[in-house]
Amino acid sequence: MAQKMMSCRDVALRLQTYLDGELDEKRMEQIRAHLDACVDCGLEADVFADIKKDLAAQAIPADSDALARLRDFSARIAEEANS
Ligand SMILES: [Zn+2]
């Protein structure tokens, strides 16, 4: 391929931002291509993605608790309104 590849260092520096999806489309594409071609960076990206998933998973129970409380609250209000 004649297209210029990003270096591993370039990818490492931008990996966090890449996983957050906050790069412009061209850079996202360049990093995606590098991660596909480079096993080392691909593995590193997987580890980072797992960490982010874990963090997100920890945030979800708190959110659904809040949502459940909100639903209970709305249900109670609706019940009171019907009686
Ligand atoms: Zn690499």
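Remarks
- Members of segment 13-45 that are within 10 Å of the ligand (Cβ to nearest atom) and in contact with a Gly (Cβ under 8 Å, 6 or more places away or on another chain): 35
- With respect to the conditions (1) part of a helix (DSSP H, G or I); (2) open to solvent by 90 Å² or more (accessible area, probe 1.4 Å); (3) of a type in the set (A, V, I, L, M); (4) within 9 Å of the ligand (Cβ to nearest atom), residue 5 falls short on a single one, namely (1).
- Within segment 8-42, being in a helix (DSSP H, G or I), of a type in the set (Asp, Glu) and surrounded by 10 or more Cβ atoms within 10 Å (Cβ to Cβ) holds for 10, 29, 36, 40.
- Within the span defined as segment 45-67, one or more residues are at pLDDT 90 or above and of a type in the set (Asp, Glu).
The values are calculated or read from the model by the stated rules, or taken from the named source; none is laboratory data. Model, not experiment: these values are computed from the prediction. Every residue, glycine as well, gets a Cβ built from its backbone with ideal geometry; the counts of neighbours run over all protein chains shown. Accessible surface is based on the protein model in full, side chains and every heavy atom, while ligands, DNA and RNA are left aside. Shrake-Rupley method; radii C 1.70, N 1.55, O 1.52, S 1.80 Å.
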